[in-house]
Amino acid sequence: MLVNPFIVLAHPVKTIKDAVEKPDFNTAFFIVLVPTVLLIVFNLIAGVSLDLFSIARHGALNYLSWVIASCVFYFFAFLVAGKKIKGKFLAIMCSLSYIWFFVSIMMIVSFLLLMGSPKLIALQNTLQKESLTQEEVRVLYNILANRDSEALQSFERVHDISTDLSGYMLTEEETGIINNITFFGFISGIVLMFYTLFLYPFLTLKLIIKRGSAATFVLYLIVFAALYFIMPPLRIF
C-alpha cells in the first residue's frame, strides 16, 4: 500500500489499485489509528488535559466504522459482481482505510491553521472548562470578532462563565488574518472531503466490481445511503 501523501493525493487510481492488488492489513490498521494518535499529540501541544476514556472511545469508533463500512461495501459489491469479489474483503478494507488518511490530513491542516492564532488556542483551552455547544461557541466567536463588550458580558452571565473573556477579543488585524486562514481551511476542507466522501469510495467500488462509471456511481449512491443510516447511531455509544 502507498502512504506517500503526494502520491495518494495526485494518483488516486494508482493508490487504490495498489491497495486492491497488494492489500496490507498492518498498514491499513495503522492508517486508521493515526487520527487517534494525532488527537493525543495535538491535545498535548495545546496543553489540554487528556481524557483517556474519550480518546479510547474515539479510536474504537474509528475501527468499528472502518469494519462496518467495509462490510457494507462488500455486501453491495457482492450483490452486483457475485463470486468475482470472493476474497476481496481485505482489499476493500485496505482501500477504505485511506478515508482516515484524509481525516488525518484535515486534522493536521486544521491544527496548523489554529496555531496561526495563539489567542484562539488560549481561548480554546479556556472553553474546555465550560459546557458550551458548538452553536454557542460559534456565537461567542462572532461576539469576540465584533468586539461587542455588552454582548460578551451578557453571554458570560447567561452561560454562567466566571472567566473574563474580554482579553480574547480580536483586533481588526487579527480578524483579517483569521478570515484568510478560515478561507484557506474551507477550500482545503472541500478538496479533502471530496477525496474522503466520493473519490476514494467510488474508485474502490469501480476497481472491485469492475463495472463502468455509470453503474459504479449508482452503486456508490446506494452504499452511501446505507452508510448514512447505519453510521450516525454508532456515535451515541
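Just a few scattered comments:
- Dmax and Rg, reported as Rg then Dmax, of the chain (C-alpha, Å): 21.3, 67
- Pairs of lysines in the chain (C-alpha under 16 Å apart; 8 or more residues apart or interchain): 16
- At full extension, Tyr141 and Lys86 could sit 14.6 nm farther apart than now, given 0.36 nm per residue minus the alpha carbon distance.
- Relative intensity of segment 1-56 on a log10 scale, I(q)/I(0) at q = 0.16, 0.21 Å⁻¹, equals -0.63, -0.80, per a Debye sum over C-alpha point scatterers of equal strength in the absence of solvent.
- Distance between the 7 Å Cα→Cβ label points at Met115 and Ser162: 3.4 nm.
- Cα centroid of segment 81-98 to Cα centroid of segment 3-21, whole Å: 16 Å
- Between 0 and 90 degrees, the angle of helix 52-81 with respect to the longest Cα principal axis of the chain falls at about 30 degrees.
- Under the shape rule built on the C-alpha gyration tensor, where the axes satisfy a ≥ b ≥ c, segment 124-237 is prolate, since a/c reaches at least 1.5 and a/b is greater than b/c.
- Taking θ as phi - 60° and the Karplus parameters 6.51, -1.76 and 1.60, the scalar couplings of segment 207-219 work out to 6, 7, 8, 6, 10, x, 4, 5, 5, 5, 5, 4, 5 Hz in sequence order, x denoting glycine and proline.
- Rel. contact order, % - alpha carbon contacts under 8 angstrom, at least six apart, the chain: 27 percent
- Computed lengthening from Glu21 to Leu38, 0.36 nm per intervening residue step minus Cα-Cα distance: 3.2 nm
- With DNA, RNA and ligands ignored, accessible area of Ile190 (1.4 Å probe; Å², nearest 10): 90 Å²
- Projecting label points 7 angstrom from Cα along Cα→Cβ for Phe217 and Leu79 puts them 2.0 nm apart.
- Residues whose amide H falls under 5 Å from that of Met169, counting only those 5 or more places apart or on a different chain, are absent, with hydrogens built in the peptide plane.
- Accessible carbon and sulfur surface of the chain relative to its total accessible area, %, 1.4 Å: 67 percent
- Globularity index of segment 173-237, i.e. its alpha-carbon radius of gyration over 2.2 N^0.38 Å: 1.59
- Taken about its Cα centre, segment 119-176 carries a charge dipole of about 140 debye when Lys and Arg each add +1 at the Cβ and Asp and Glu each add -1 at the Cβ.
- Pairwise FRET efficiency - Leu50 versus Met193, Cβ, R0 = 41 Å, nearest 0.05: 0.90
The values are calculated or read from the model by the stated rules, or taken from the named source; none is laboratory data. None of the values given here were measured: they were computed from a predicted structure. As a convention, Cβ positions derive from the backbone with ideal geometry for all residues, glycine included, and neighbour counts pool all protein chains shown. To get the accessible areas, we keep the full protein, side chains included, count just its heavy atoms, and leave off ligands, DNA and RNA. Shrake-Rupley method; radii C 1.70, N 1.55, O 1.52, S 1.80 Å.
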